[in-house]
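Colleague: One structure, pasted below without further comment.
Please treat every number below as a calculation from the coordinates, not as lab data. All values reported here derive from a predicted model rather than from experimental measurement. When we count neighbours, we look across all protein chains shown, and the Cβ atoms used for this are built from the backbone with ideal geometry, even at glycine.
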Amino acid sequence: MNELKLSRRRFIGTTTGAALALPLARHLQASPATTSISLPLDSPIAIASGNGLEAVELAVSQMLEGNDPLDAAIAGVGLVEDDPDDISVGYGGLPNEDGEVELDAAVMHGPSHKAGAVASLRGYRHPAQIAKRVMVQTDHVLLVGEGAKRFAKAQGFQEENLLTEKSREIWLYWKQTHSKVDDWIPPPPETVADDVRSLVERITGTIHLGAINRTGDLSCTTTTSGLFFKIPGRVGDSPIIGAGLYVDNEVGSCGSTGRGEANLQNLCSFLGVELMRQGLAPVDAGLEVLRRVVSHTKEPRLLAEEGVPNFGLKFYLLNKKGEYAGVSMRGPSTFAVADSKGARLEDCACLFEG
Ligand code: GLY
């Protein structure tokens, strides 16, 4: 991971003190903050991680045609699941340490408050679609590994090899170079393409997409190949409801990309929605969630200088009023949005610069 020059002075320290002071439990049974919402909205809205520009455009066009926001969201991320050049999602996603592509995804439907998810799924490029089948056609929320695979087959999805030549090359280069105490010999540097060399950094990639239609129904999905070169069987936050995504149809939705372990330890997406329920604007709720992660990050190996987390983490929040935000642990960073003004990238609010 790149060395980061981060300074406490750059910390956006204007804590929403009120937000910090608000006891969450007091609000868990509170009425949703819907009193000042004026529906219908001017336009459906979709927000996503920065790799989702075409995805948000498609999601909004589907909602304009009257499709359910969850189906629109799944259609949007399907473009990225299909894209072999996005090495963090679906077909062409980077594999685990054994060279096998293992995908995680979840969907959550606001109007029914139902969810479905698959984890460690091998051989199927559209895990978000399979997650929806789990939601609709089973009494369960999460299927994993071999069971998820058998379920996908039973549902008629087409099994295929998801490892593209590009992803295999990146994985092989990682295998050849990541340790000095094995028998792999690194290739001569001049034979290695620049993108192969640079992509070997162990980062996470993912797409999250949140959607709201004109009548204020919300849904969201998150889909990923997870941490590059992960230990086989590692499951991140993306298929875990409340961690990698969450929606409450009376309040809003929140989802994430970045270090999944931080979300699993803090249930960040649930927290983001609950903070919006307390009345925080999406941007303030998202920054507050990031501050919570900072305060809970204690292991030196996860900290850069001055105690700032050394990992990336982003949240995408959308409330019932159609207000939205992308927030990032560090910046600059962008997220995708589409509404009546079209599809575009907007700047995330960032907790740290650098
Ligand atoms: N946030 C994606 C992952 O950690 O797998």
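Colleague: Would you check which residues across the stretch 84-111 are charged (D, E, K, R), out of contact with any strand residue (DSSP E or B) (no Cβ under 9 Å at 6 or more places or on another chain) and closer than 22 Å to Arg197 by Cβ and list them?
Modeller: Residues satisfying the conditions are Asp85, Glu97, Asp98.
Colleague: Just checking, does the stretch 296-316 include any residue being away from the ligand (no atom under 16 Å from the Cβ) and either within 19 Å of the chain's Cα centre (by Cα) or within 24 Å of Leu53 (Cβ to Cβ) (or both)?
Modeller: Scanning the stretch 296-316, I find no residue that is away from the ligand (no atom under 16 Å from the Cβ) and either within 19 Å of the chain's Cα centre (by Cα) or within 24 Å of Leu53 (Cβ to Cβ) (or both), so the answer is no.
Colleague: If you don't mind, there's one more thing I want to ask. State which residue is surrounded by the fewest Cβ atoms within 10 Å (Cβ to Cβ) when the search covers only the stretch 88-118 and only residues that are in a strand (DSSP E or B) and more than 14 Å from the chain's Cα centre (by Cα).
Modeller: Once the filter is applied, the top-ranked residue is Lys114.
Colleague: Within the stretch 244-253, can one find any residue that is charged (D, E, K, R) and either within 10 Å of the ligand (Cβ to nearest atom) or closer than 18 Å to Ala59 by Cβ (or both)?
Modeller: The answer is no, given that none of the residues of the stretch 244-253 is charged (D, E, K, R) and either within 10 Å of the ligand (Cβ to nearest atom) or closer than 18 Å to Ala59 by Cβ (or both).
Colleague: Touching a helix residue (DSSP H, G or I) at 6+ places or on another chain (Cβ under 9 Å), of a type in the set (S, T, N, Q), under 21 Å from Glu100 (Cα atoms) and in contact (Cβ under 8 Å) with a residue 24 or more places away in the chain: is that true of Thr206 in this structure?
Modeller: yes
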